[in-house]
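The values are calculated or read from the model by the stated rules, or taken from the named source; none is laboratory data. Since we're looking at a predicted model, the values are computed, not measured. Every residue, glycine among them, receives a Cβ derived from its backbone with ideal geometry; neighbour counts consider all protein chains shown.
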Amino acid sequence: MTMDTLADFFIPEVRKQGEDLFNKDVISMSSASDTQAQAYVKASGAPRVSFVAEDIASSSIQADCTCPAAKKGRLCKHIWATLLKLEAIDSDLLAWKSLIEKAAAKPESAASLAAKARQAEYKQQLKEENKARNKKIRRDKKQAISAVTSVYPDEVEVALSYFSVNGFELSRPLQVEALGTARKILARVFHPDKGGTHEEIIMLNKNHDVIAAYLSS
């Protein structure tokens, strides 16, 4: 009855994904008692799942996971898969439980906040430099005697413009080493784990791949 009740807190899609993980036997329990449990998932990123209850008679349990979905406050597939694992081993932790809540996010450390501040400062610096650079580019174009014909296909020119706007004026002819260096440095800024966003890292990879595909053709 406990699992039927707790299932209501998960959307069907998440339950299905969690069941698939459980059936693949990728949930490894590192500890389990009547008031807490910890596990990790043998999957991409090795998500870590944890459960805490005030006492064995408590009707509620708090759950947390290190995956991106859980960090956004959701009860994820890893949490459901681990609940199924606890049920399979007949854990006392699930006794009398009728409510499951996502554990509150822990306050960010001073080091994490400082790192994010440095990222924001660097992004602002890039923005100001790009603004000045673009202003110069527009001025130079107006002063040009004749239009310059693009050397590369339009999609490559767009990708080159992306790197230029983000502080990397790739030399012509293009060099694989220079492209790789630009991507590596920008990844430190735009990757979600470094303070960036999922959309920013996707855009970086997309423009890198366009130029890389052209160079390898």
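Name the single residue, out of those in the stretch 30-63 being among the hydroxyl-bearing types (Ser, Thr, Tyr) and in contact with a strand residue (DSSP E or B) (Cβ under 8 Å, 6 or more places away or on another chain), that is farthest from Ala95 (Cα to Cα).
Looking at the filtered set, the residue picked out is Tyr40.
Looking only at the stretch 56-66, decide whether some residue is closer than 14 Å to Glu101 by Cα, in a loop (DSSP other than H, G, I, E, B) and modelled with pLDDT under 95.
Yes, the stretch 56-66 contains a residue that is closer than 14 Å to Glu101 by Cα, in a loop (DSSP other than H, G, I, E, B) and modelled with pLDDT under 95.
Step by step: first the residues of the stretch 17-41, then only those that are charged (D, E, K, R) and loosely packed, with under 13 Cβ neighbours inside 10 Å, then the one that is nearest to Ser98 (Cα to Cα). Which residue is that?
Among those that are charged (D, E, K, R) and loosely packed, with under 13 Cβ neighbours inside 10 Å, it is Asp20.
Take the residues in the stretch 86-98 that are touching a Leu at 6+ places or on another chain (Cβ under 9 Å) and either part of a helix (DSSP H, G or I) or free of Cβ contacts under 8 Å to residues at least 60 places away in the same chain (or both), then tell me which one is surrounded by the most Cβ atoms within 10 Å (Cβ to Cβ).
It comes out as Leu86.
So for the stretch 59-81 (the condition being within 13 Å of Ala32 (Cα to Cα), surrounded by 14 or more Cβ atoms within 10 Å (Cβ to Cβ) and either in contact with a helix residue (DSSP H, G or I) (Cβ under 7 Å, 6 or more places away or on another chain) or outside the structural domain of Gly196 (by TED's automatic domain parsing) (or both)), does at least one residue qualify?
Looking for residues that are within 13 Å of Ala32 (Cα to Cα), surrounded by 14 or more Cβ atoms within 10 Å (Cβ to Cβ) and either in contact with a helix residue (DSSP H, G or I) (Cβ under 7 Å, 6 or more places away or on another chain) or outside the structural domain of Gly196 (by TED's automatic domain parsing) (or both), one finds none in the stretch 59-81, hence no.
Any residue in the stretch 102-127 that is surrounded by 11 or more Cβ atoms within 10 Å (Cβ to Cβ) sitting within a Cβ distance under 8 Å of a residue that is modelled with pLDDT of 85 or more and assigned to a helix (DSSP H, G or I)? List the pairs, counting only those 6 or more apart or interchain.
Pairs found: Lys102/Ala70; Ala105/Lys71; Gln119/Val189; Tyr122/Val189; Lys123/Val189; Leu126/Val189.
Which condition number does Leu174 fail, the rest of (1) in contact with a helix residue (DSSP H, G or I) (Cβ under 8 Å, 6 or more places away or on another chain); (2) part of a helix (DSSP H, G or I); (3) not aromatic (Phe, Trp, Tyr) being met?
For Leu174, the failing item is (2).
Are any of the residues in the stretch 61-82 more than 29 Å from the chain's Cα centre (by Cα) and among the β-branched types (Val, Ile, Thr)?
Within the stretch 61-82, not a single residue is more than 29 Å from the chain's Cα centre (by Cα) and among the β-branched types (Val, Ile, Thr).
List, please: which pairs have Cβ atoms under 9 Å, are six or more places apart or on different chains, and start with a residue in the stretch 20-36 that is hydrophobic (A, V, I, L, M, F, W, C) and end with one that is assigned to a loop (DSSP other than H, G, I, E, B)?
Pairs that qualify, where the first residue is hydrophobic (A, V, I, L, M, F, W, C) and the partner is assigned to a loop (DSSP other than H, G, I, E, B), are Leu21/Ala43; Val26/Lys42; Val26/Ala43; Ile27/Lys42; Met29/Ile89; Met29/Ser91; Ala32/Ile89; Ala32/Ser91.
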